[in-house]
Every structure is written in structure tokens, then in C-alpha cells.
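The values are calculated or read from the model by the stated rules, or taken from the named source; none is laboratory data. Not measured: the values here are computed from a predicted model. With ideal geometry, Cβ positions are generated from the backbone for all residues, glycine too; neighbour counts draw on all protein chains shown.
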Amino acid sequence: MKTSRTLQKLTGTGLFLNLLLGCGTGALAAPALRVEALFPGRAVLSIDGKRRVLEVGKPAVDGVILLAADSRRARLQVGEAVRELTVNERVGASFTAPAQRPGLTLSEARDGHFYVDGTINGSLVRFVVDTGASTVALSGREARKLGLMFLRDGRPGTVETAAGPAPAHALRLRELKLGPIVLSDVQAIVLEGDFPRVALLGQSCLERLHMTRDGGVLALRQR
């Protein structure tokens with residue numbers, strides 16, 4: 001289990017999508033939208049068959065506002081509706097917008113990491129987002145404070161850390177919460193001693209979330 005220092009920024013040179021979208025809150029109607037290409041801060045759209053270039057921070061074009069964009073996705077406002085469009089997503093003219101998944105946004109700390117306060121089985125825990133960790137990881141000291149019986153319930157083994165091999169116990173967390181995000185049965189590892197000093201929010205949790213980074217802001221949303 002190796003710890004990454006920072007999250008990588010999204011990169012790319014423009015990806016093409018074919019998406020149809022209308023406005024409204026139920027069955028969506030005109031204007032018909034097709035996203036042709038995406039770039040950081042800019043999107044090329046077909047609006048009612050006419051090609052338009054939209055830029056973040058600029059006024060609406062034919063009733064459509066570009067709220068955010070990178071080479072993978074765009075967030076558009078059409079009337080009262082806001083849609084985030086991803087690569088190869090397709091919607092028809094009768095599309096009904098799904099309920100928004102729970103999510104939250106984090107601001108980058110001075111050390112380049114993203115921290116978030118959450119709970120494990122109802123007890124408060126401070127996490128650092130770590131895309132290089134394969135699983136949620138806790139120190140033995142913190143696990144005991146949380147009442148986790150890792151010596152009894154965990155599976156003993158060895159994990160690879162930045163300092164070399166270390167004894168650990170694998171177990172399942174009944175519930176892990178991050179603001180409105182609630183995950184059940186999350187895999188975790190407890191390392192004896194005081195490391196890690198801040199619990200690692202690794203891939204056993206992150207792979208169940210959508211992550212979008214825009215500069216110093218990281219958005220997490222439940223899948």
C-alpha cells in the first residue's frame with residue numbers, strides 16, 4: 001500500500017461526444033443540444049442544429065450556459081436544469097433527469113492534500129484523500145479509539161508501506177460517511193502503532209465515488 005502525494009489533474013486535448021439534451025424538469029424538449037467537443041473552459045455545441053462555441057464565465061448562448069468544462073465533461077445550465085455530460089453519455093428527447101447523487105466538494109490544503117471529516121460506524125474520523133492507497137487505512141491507535149476490534153475480527157497479514165513491509169489486519173467497516181455520502185461494508189486495513197497519523201481514504205472507498213478535480217477543488221459524488 002503506497003501513499004501518493006497529490007492527485008493528478010485531468011488532462012486531454014478535447015474529446016468528442018454525441019449527446020441530445022433538452023430543457024425542462026420532466027420530459028425534456030427544445031432546444032436540442034449535441035456536445036461536439038470539449039476543452040478546458042470551453043465547449044463546442046450544436047444547439048438546434050447550429051454550431052456554437054461556449055466559454056465558462058460568458059453569457060448564455062441560445063439559452064445555454066456553460067458552467068464548467070474540461071476535456072472529459074461539461075456542466076451546462078439549460079433553463080432551470082443543470083446537467084453534467086460525460087464521455088459517451090447519451091440521452092433521448094424524452095429523458096427525465098435522475099435524482100442528484102449525494103456529494104461534497106473539498107478545497108486543497110497548503111500541503112497539497114485534500115482532507116475531509118467523516119465518520120466510521122458513527123465515530124468522527126479525519127481522512128486524507130489518497131488515490132495511491134489501495135484501501136482505507138487506519139492506525140491501530142485510532143482503530144482502538146473507534147472501538148474497532150481488529151485483532152479479534154480482522155484478518156492478519158502484511159502490507160507494503162512507504163517505510164517497507166508492516167503487519168496489518170484487514171477488516172470490513174460497517175459504515176463510512178463523508179458528509180451526505182454513506183457507504184456500507186467498506187474494506188479497510190489497520191496498521192499497528194501510530195501510522196498513518198491521519199486515516200487514508202483509499203481506493204476501497206474512492207472507487208465507489210465519482211471524483212472531479214478543478215484546480216484546488218475536488219468534487220466527490222456517490223456513484
Subject >> Residue, nearest to residue 148 (Cα to Cα), within the stretch 115-131, restricted to residues that are outside any strand (DSSP E or B) and free of Cβ contacts under 8 Å to residues at least 60 places away in the same chain >> reply: 121
Subject >> Flag if residue 38 is assigned to a strand (DSSP E or B), modelled with pLDDT of 80 or more and either within 30 Å of residue 203 (Cβ to Cβ) or in the same structural domain as residue 163 (by TED's automatic domain parsing) (or both) >> reply: no
Subject >> Scan of the stretch 135-163 for residues that are among the acidic types (Asp, Glu) and either outside the structural domain of residue 203 (by TED's automatic domain parsing) or closer than 14 Å to residue 193 by Cα (or both), ordered by number >> reply: 142
